[in-house]
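Only one structure is covered here, and it is reproduced in the block below.
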Amino acid sequence: MELRHLQGLHGLHMSMRDGRRKYNHLYTELLQILSVLQWILTFLFLGPVCTLLSAWIVYCQLWPLIAIYLIWMILDWKTPERGGRRSVWMSKWSMWKYFRDYFPIMLHKTVDLDPRHNYIFGYHPHGIMSLGAFCNFGTESTEFSQLFPNLKSFLTTLAGNFKVPLSRDYLMAAGMCSVTHSSIDYLLSCNGSGNVVVIVVGGAAEALNCSKNKHILTLRKRKGFIRKALTNGAFLVPVYSFGENDVFLQHHFKPGSWKKSLQELFQQWIGFAPCVFFGQGIFSSSSKGIMPLRKAINTVVGKPIPVPRTKNPSEQQVDAYHTLYIDGLQELFNAHKERFGLQQTDSLLLT
């Protein structure tokens, strides 16, 4: 009788432990979903919402608040071009760890980087939202500062993003700054050493080519970052994120169609292209929705390419280092592609 009683207690204990384990798992998954969902909504709607909020405040007779903010914004106008205003506290939010684990996202280094130099990280591919770029270089969730001690990362984005009231401050706190010429020059020549300027080289044009199991990069004519490296003597470092193109599925319009033409025109005028994409549902992986697919993103930081400071680089010099950069990127891709689930026959297609 006593033995049966003990067995019953043991079974109850095991059942309770399994229940707690299941609860903890579901709770963790919920936090992962919420952390990614807030970033997706921020990416898509923060700018328009902040614009509408500003207009609403004016309409509600609270215009002095906006007036004070706009005066401060004008005084603070150059901050996105002076390294931004990154919040160390925000970069270490626990939320970003749940964001990281949703996919998961991992950062890998191939060599140590000397903090006595400055660097331009060329990030590839753009994907739909550059989730790997933000997670690795805008937050501390993948421990960038521990992998690369004494280096500071600056994730650059379109200057237009910093012209929207309120939105600009959130983006700067999240570790972003402007990708303008003056911004890059300041970080590489007027901000000491140990600076890493992260540039998503392909930009909006590359986002239009985002497709699962394809590796199409917009790079052949992208040479501005090479010129910046030369004029500032910054080392070039190719970075490739395996899986960045796999977390969303995109609907591609036929070349020559009015939809495709409108998409390209929008990109030319505004600076980014509206993509028609989808992932999975918020709580169901079998339905379509705005949540990204749970696919691993592995970001590999390659070997640095030393670049001499050249005040007025010639086109030949720019082309020479552009070729060296492409060679380094292809070498990086080929060395790690099979490790992260690609086939030996997979290759980069540069446009």
- Query: What number of residues within segment 87-106 satisfy the criterion of being touching a residue at least 12 places away in the same chain (Cβ under 8 Å) and either aromatic (Phe, Trp, Tyr) or open to solvent by less than 20 Å² (accessible area, probe 1.4 Å) (or both)?
  - Reply: 9
- Message: Among the residues in segment 189-208, are any touching a strand residue (DSSP E or B) at 6+ places or on another chain (Cβ under 7 Å), in contact (Cβ under 8 Å) with a residue 24 or more places away in the chain and surrounded by fewer than 17 Cβ atoms within 10 Å (Cβ to Cβ)?
- Response: no
- Note on the structure: Turns out the helices (runs of 4 or more DSSP H) fully within segment 49-130 with at least 1 residues that are closer than 24 Å to Ser182 by Cα and aromatic (Phe, Trp, Tyr) are 63-75
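In segment 160-274, which helices (runs of 4 or more DSSP H) lie fully inside it and hold 2 or more residues that are within 27 Å of Leu107 (Cβ to Cβ)? If you could, list the steps in order and put the result at the bottom.
On the way: elements: 167-173, 181-189, 203-207, 224-232, 258-270.
Result: 167-173, 181-189, 203-207, 224-232.
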- Note on the structure: Per the filter on segment 149-168, residues touching a residue at least 60 places away in the same chain (Cβ under 8 Å) and more than 22 Å from Cys50 (Cα to Cα) are Phe154
- Hits in segment 111-129 (condition: surrounded by fewer than 23 Cβ atoms within 10 Å (Cβ to Cβ) and either of a type in the set (Gly, Ala, Ser) or farther than 24 Å from Lys223 by Cβ (or both)): Val111, Asp112, Asp114, Pro115, Arg116, Ile128, Met129
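Looking only at residues that are open to solvent by 50 Å² or more (accessible area, probe 1.4 Å) and assigned to a loop (DSSP other than H, G, I, E, B) in segment 277-286, which one is modelled with the highest pLDDT?
Step one: of segment 277-286, the residues open to solvent by 50 Å² or more (accessible area, probe 1.4 Å) are 277-278, 282-283, 285-286.
Checking the rest, the ones that are also assigned to a loop (DSSP other than H, G, I, E, B) come to 282-283, 285-286.
Working: Ile282: 92, Phe283: 84, Ser285: 83, Ser286: 84.
Result: Ile282.
In segment 139-157, is there at least one residue being crowded, with 18+ Cβ neighbours inside 10 Å, among the polar types (S, T, N, Q) and closer than 21 Å to Phe333 by Cβ? Explain how you work it out, then say what you get.
Within segment 139-157, the subset crowded, with 18+ Cβ neighbours inside 10 Å is 139-142, 144, 148, 151-157.
Restricting the remaining residues to those that are among the polar types (S, T, N, Q) gives 139, 141-142, 153, 156-157.
Those still in the list that are closer than 21 Å to Phe333 by Cβ too: 142.
Checking segment 139-157: at least one residue is crowded, with 18+ Cβ neighbours inside 10 Å, among the polar types (S, T, N, Q) and closer than 21 Å to Phe333 by Cβ.
Taking the options Gly84, Gly132, name whichever one is open to solvent by 10 Å² or more (accessible area, probe 1.4 Å) and either farther than 26 Å from Ala296 by Cα or modelled with pLDDT of 95 or more (or both). Write out each step before concluding.
Numbers: Gly132 fails: open to solvent by 10 Å² or more (accessible area, probe 1.4 Å).
Unique residue meeting the criteria: Gly84.
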- Note on the structure: Filtering segment 162-180 down to residues that are surrounded by fewer than 20 Cβ atoms within 10 Å (Cβ to Cβ) and either of a type in the set (Ser, Thr, Tyr) or modelled with pLDDT under 95 (or both) yields Lys163, Val164, Pro165, Leu166, Tyr170, Thr180
- segment 293-351, subset in contact with an Asp or Glu (Cβ under 7 Å, 6 or more places away or on another chain) and open to solvent by less than 20 Å² (accessible area, probe 1.4 Å), residue nearest to Ala207 (Cα to Cα): Ile297
- Message: Please count how many residues of segment 15-71 are among the acidic types (Asp, Glu) and either over 27 Å from the mean Cα position of the chain (by Cα) or exposed (fewer than 11 other Cβ atoms within 10 Å of the Cβ) (or both).
- Response: 1
- When every residue in segment 135-161 that is modelled with pLDDT of 95 or more and of a type in the set (A, V, I, L, M) is compared, the one nearest to Lys212 (Cα to Cα) is Leu155
- Picking from Leu219, Leu230, the residue that is more than 21 Å from the chain's Cα centre (by Cα), modelled with pLDDT of 90 or more and buried (at least 16 other Cβ atoms within 10 Å of the Cβ) would be Leu230
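The values are calculated or read from the model by the stated rules, or taken from the named source; none is laboratory data. Quick caveat: nothing in here was measured; it's all calculated off a predicted structure. Positions of Cβ are generated from backbone atoms using ideal geometry, with glycine treated the same way; all protein chains shown enter the neighbour counts. Surface areas here come from the heavy atoms of the whole protein model, side chains and all, with no ligands, DNA or RNA. Shrake-Rupley method; radii C 1.70, N 1.55, O 1.52, S 1.80 Å.
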